[in-house]
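The values are calculated or read from the model by the stated rules, or taken from the named source; none is laboratory data. Computed from a prediction, not measured in an experiment: that's the story for all the values here. Counting neighbours? That spans all protein chains shown, and the Cβs are built from the backbone with ideal geometry, glycine included. Note: areas computed on protein heavy atoms with side chains; ligands, DNA, RNA excluded. Shrake-Rupley method; radii C 1.70, N 1.55, O 1.52, S 1.80 Å.
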Protein chains: 2
Amino acid sequence: MARAGRRPRRDRAGIGLAQPPFKRLRNPFPPFEILSADQIEAIHAASLQVLAEIGVNFLLPEARAILAAAGAEVEPAGARVRFDPAFVEERIRTAPGVFTLHARNPERTTRIGADWINFAVVGSAPNVSDLDGGRRMGNFADYCNLIKLGHSLNIAHLIGGYPVEPVDLPPATRHLDAVAAMARYADRNLYGYALGAVRIRDAIEITRIARGVSHAQLLAEPSLFTVVNANSPLQYDGPMLEGVIEMARHNQPIVITPFTLAGAMAPITVAGALVQQNAEALAGIAFAQCVNPGCPVVYGGFTSNVDMRTGAPAFGTPEYAKATLIGGQLARRYRLPYRASNVTASNAPDAQAAYESEMSIWACALAHCNLVKHGLGWLEGGLCASYEKFILDAEMLQMMAAFLEPLATDADALALDAIREVGPGSHFFQAAHTLARYEHAFYTPLLSDWRNFETWTEDGALDATRRAHRIWQALLAEYEEPPMDPGVAEELDAFVARRKEEGGAPG
Amino acid sequence: MARAGRRPRRDRAGIGLAQPPFKRLRNPFPPFEILSADQIEAIHAASLQVLAEIGVNFLLPEARAILAAAGAEVEPAGARVRFDPAFVEERIRTAPGVFTLHARNPERTTRIGADWINFAVVGSAPNVSDLDGGRRMGNFADYCNLIKLGHSLNIAHLIGGYPVEPVDLPPATRHLDAVAAMARYADRNLYGYALGAVRIRDAIEITRIARGVSHAQLLAEPSLFTVVNANSPLQYDGPMLEGVIEMARHNQPIVITPFTLAGAMAPITVAGALVQQNAEALAGIAFAQCVNPGCPVVYGGFTSNVDMRTGAPAFGTPEYAKATLIGGQLARRYRLPYRASNVTASNAPDAQAAYESEMSIWACALAHCNLVKHGLGWLEGGLCASYEKFILDAEMLQMMAAFLEPLATDADALALDAIREVGPGSHFFQAAHTLARYEHAFYTPLLSDWRNFETWTEDGALDATRRAHRIWQALLAEYEEPPMDPGVAEELDAFVARRKEEGGAPG
């Protein structure tokens, strides 16, 4: 495992365990504007028209009461809420453009918004797979392993949910064990699911305990995040809205993410799906700001398309890349942090998984995405978390991070002296300029094998997926639990035990 | 195989043979400027200083005579030529910014330069591999198969060299059989190797015959291209320079490509390697323009880095992506067409091959690369042409081509009526807006499998590499030789036979 320090890339403890140190990543390049400002305005205007004319269903009476009190137009007999354009623009304006997400290890605290880019571990997969064990239902043992893998990889800036659903834990108390394990096995931020108010309140308390801070400090320092999906088209359900209310009141970040699959839950055109995404996102963000003006929110984009022959969702497609880029333009228009994802529909951690993920990763980077959900380990359109994909993703994200390092063009980098020293028809292997730099000149891979064919063949001819298999095994073998104050650990255990006794979050 | 027409994506004749029709591709987005204008000027200025102070070795006396006559400073006793900055700027100015590359099928004629982007079949691999036959030395049977695959795939705009070296053909007459097979089995442009004047002259004549045009028409219509590599650092060898002279005199395009591996044949810094690349490229282009002012040339970039532990070249790295983007900025500064490549160092057509290629493909697209060499089939840093990688690449390039299609944002695309029709909490599968568009709404993959895990497993659980294996076999089984006028075929055979009798290009 890499330690922070002067020569992190040389800390090799076996195959492919070299990795750059943990680093808060900044995108130094101008964002890629795939649409013109006029086109972005057209999407913006259409989405405001949707909110004013058609509106959005808010299925929680408490949410409708909050919105009515704030001045939105709530249908007397139903769930429908309509929004005046000025109301929307005014409400979303109170959301911060950038905020700090605190980790229990302060060195892992990150910034969400502006030019910062963060990669999160896979979240919410119902299944899990690896080359040895095949595909199986989510369970707590794999859950803990994947949290540990996230902790071990410096490119995993964030925990982004339950990496797999631990279905072997009872539903009423699952969140207690799951969030506590997140706190124990990794030193990053925490994540809670917006499945009603009780679970979120428990997650907030676990976060407070794990960080060893007061309630007041936690309120001032966002440390736990959640994703709230619209029940697209144009609807937010009750448990999710309860989560929004609890999170907003505690000043913890909410990532509002419509799930707008073009052709299924959204119009079949990418532009139309984005109109709907934007309407849903703005409605959710405006609602959170009504609950607690100034609370941290993230504009989430998850517009992809379906295979129209089968209805199956497709990910990492050209349409997904475009939608991700346009989502970034919309989020920038509102000066909001932006979330997108590293996605693939592949059933195996293979070449398809790699190229669909690369389509996503490039789109995220060019879009100036601030929070890349499902950064490591997502497979099968989210139906499976894969150990090998986790390592493939780590390599792809490390490469993108290296790409985002600014390039030196000072006199030393231009190397005129070296070119003079070597002259025509020779080579640079022994040049002073080379010898002074060779250890740190280039990105060192975690997974890629650059040896020649003969050496690679003699060493077993392992393809990238099989090498990934060896790497995650070695990382787990070397894993060390991050230190936690014994008093904190005790308080954490006691809280979980007490809440279990109380029955957790039944129903 | 896809026919041009209204429903090309539905022309399925088996697994994954749907493909979009052949199309001249244009990049509608602004190029990605990874360096500032000042940084580009610093590289430009340093490279002109290299040309003025250090100079470049031209190992062919005839080339030095041409340069001396044009006003370059040729060292009396050696091979060294130095260039005044004004001389370089003036000479490269005569090169066209965009030109037409004619194919024997006029529908396959393409444009090189400006915003056009073209993908070429792999060139010059010494080995070839597929899942059935494993890895073997290049040979004429595989050569012909790979040309046929290129012809079969609409995303392969160009033939980019011998896909594998047919080492079972005698060296003196190999070029005759190889270029004639290129002419027969595909309907694209042709390619000749700049290995002395004779081989180029033979390739030019085969091109003229295959196109059925006069010498004068061929001179007016570039139809054959070649790549000339600098023998980096700062040297051009004799046979290559003979090739430049012959190609330039016949007004056929020359892609001048320094092979500047940072840390080996170029400085270890990316900026330094680009200074050298730029110096070598400008020297080669200026030379070609001295031979025949106005002849078509392409600015080639091939700057990557080596693994400093082993000296092995690495491809598709973060450094390669940066160098490719900066190369595009330099080429645009000179208003020259730009060549880069789709590269990987992977030994297998696996996930590494996919993500390294995607790093390259995205860099090429963002750089506004006009000629993407090794677009389909390159593996092992160019030491092997892979049938399966050919299909992986076809999918990745098709996806990039779909990404480069502009997105509609007119009222119809914004889909307000559809959103109104469906309303909250429903779905769009049956909406009129959906039904009118579902057949052509989205990119349809060649290789990607979007079926659910269960269906995919029942169908054999083939990963992308094994599916690629089935696809190339199906494409070759369906291959039909493009029609050629019997008179042309006869003339072609007669020319090859006569030149073989004469001994070809001995020595």
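Results, tabulated for the structure shown:
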quantity: Residue order for A:H44, A:H102, B:H440 - accessible surface, 1.4 angstrom probe, largest first; calculated: B:H440, A:H102, A:H44
quantity: DSSP-defined antiparallel bridges as percent of all bridges, the stretch B:208-367, nearest 5; calculated: 15 percent
quantity: Heavy atoms of B:K148 accessible to a 1.4 Å probe, total area in Å² rounded to 10; calculated: 40 Å²
quantity: Order by protection proxy (mean Cβ within 10 Å, highest first), peptides B:114-122, A:413-421; calculated: B:114-122, A:413-421
quantity: Under the Debye formula (equal points on every Cα, no solvent term), log10 I(q)/I(0) of the stretch B:419-481 at q = 0.13, 0.17, 0.24 Å⁻¹; calculated: -0.63, -0.82, -1.01
quantity: Relative contact order computed over the stretch A:137-274 (Cα-Cα under 8 Å; 6+ residues apart), in percent; calculated: 19 percent
quantity: Rel. contact order, % - alpha carbon contacts under 8 angstrom, at least six apart, chain B; calculated: 19 percent
quantity: For the stretch B:58-100, the fraction of alpha-carbon pairs in successive 5 Å shells from zero, as %; calculated: 5, 21, 27, 19, 14, 9, 4, 1, 0
quantity: Ratio of the Cα radius of gyration of the stretch A:161-277 to 2.2 N^0.38 Å, where N counts its residues; calculated: 1.18
quantity: Rounded to 5, the percent of DSSP beta bridges in the protein assembly as shown classed as antiparallel; calculated: 40 percent
quantity: Whole-number Å³ per residue for the convex hull built on Cα positions in the stretch A:242-323; calculated: 89 Å³
quantity: Extension reserve of the B:L404-B:K500 stretch, reckoned as 0.36 nm per residue once the Cα distance is removed; calculated: 30.0 nm
quantity: Distances in nm from A:D459 to the matching label points in the other copies, shortest first (labels 7 Å along Cα to Cβ); calculated: 3.6
quantity: Between helix B:197-211 and chain B: long-axis angle, C-alpha atoms, 0 to 90°, nearest 10; calculated: 40 degrees
quantity: Cα-based equivalent ellipsoid of the stretch B:61-164: semi-axis lengths in Å, sorted from largest, via gyration tensor; calculated: 39, 22, 11
quantity: Neighbouring partner chain Cβ atoms per residue of B:54-62, average, 10 Å criterion; calculated: 2
quantity: Cα long-axis angle, helix B:464-478 against chain B (0 to 90 degrees, to the nearest 10); calculated: 80 degrees
quantity: Fraction of antiparallel bridges per DSSP, chain B only, in percent to nearest 5; calculated: 40 percent
quantity: Between helix B:140-152 and chain B: long-axis angle, C-alpha atoms, 0 to 90°, nearest 10; calculated: 60 degrees
quantity: Other protein chain Cβ atoms within 10 Å, averaged over every residue that makes up A:401-408; calculated: 5
quantity: With eigenvalues of the C-alpha gyration tensor scaled by 5 and rooted, the stretch B:186-345, Å; calculated: 30, 15, 14
quantity: Range of Cα positions in chain A per principal axis (Å), largest first; calculated: 82, 57, 47
quantity: Accessible area expressed per residue, chain A, with surrounding protein chains retained (probe 1.4 Å, Å²); calculated: 32 Å²
quantity: The stretch B:48-108, relative contact order [Cα under 8 Å, separation at least 6], %; calculated: 32 percent
quantity: Helix-only [θ]222 nm of the protein assembly as shown, DSSP H runs n ≥ 4, -39500 (n - 2.57) each, per residue, nearest 500; calculated: -13000 deg cm²/dmol
quantity: Cα-based Rg and Dmax for the protein assembly as shown, where Dmax is the largest Cα-Cα distance (Å); calculated: 29.6, 97
quantity: Under the Karplus curve 6.51 cos²θ - 1.76 cosθ + 1.60, θ = phi - 60°, whole-Hz ³J(HN,Hα) for the stretch B:351-359, x wherever Gly or Pro sits; calculated: 4, 4, 4, 5, 6, 5, 5, 4, 4
quantity: Residues along the stretch A:231-252 losing 40 Å² or more of accessible surface when the other protein chains are present rather than the chain by itself (probe 1.4 Å); calculated: A:P233
quantity: Buried accessible area, chains B and A (both chains, 1.4 Å probe, Å² to nearest 100); calculated: 9500 Å²
quantity: Lys pairs under 19 Å by Cα in the protein assembly as shown, provided they are eight or more residues apart or on distinct chains; calculated: 12
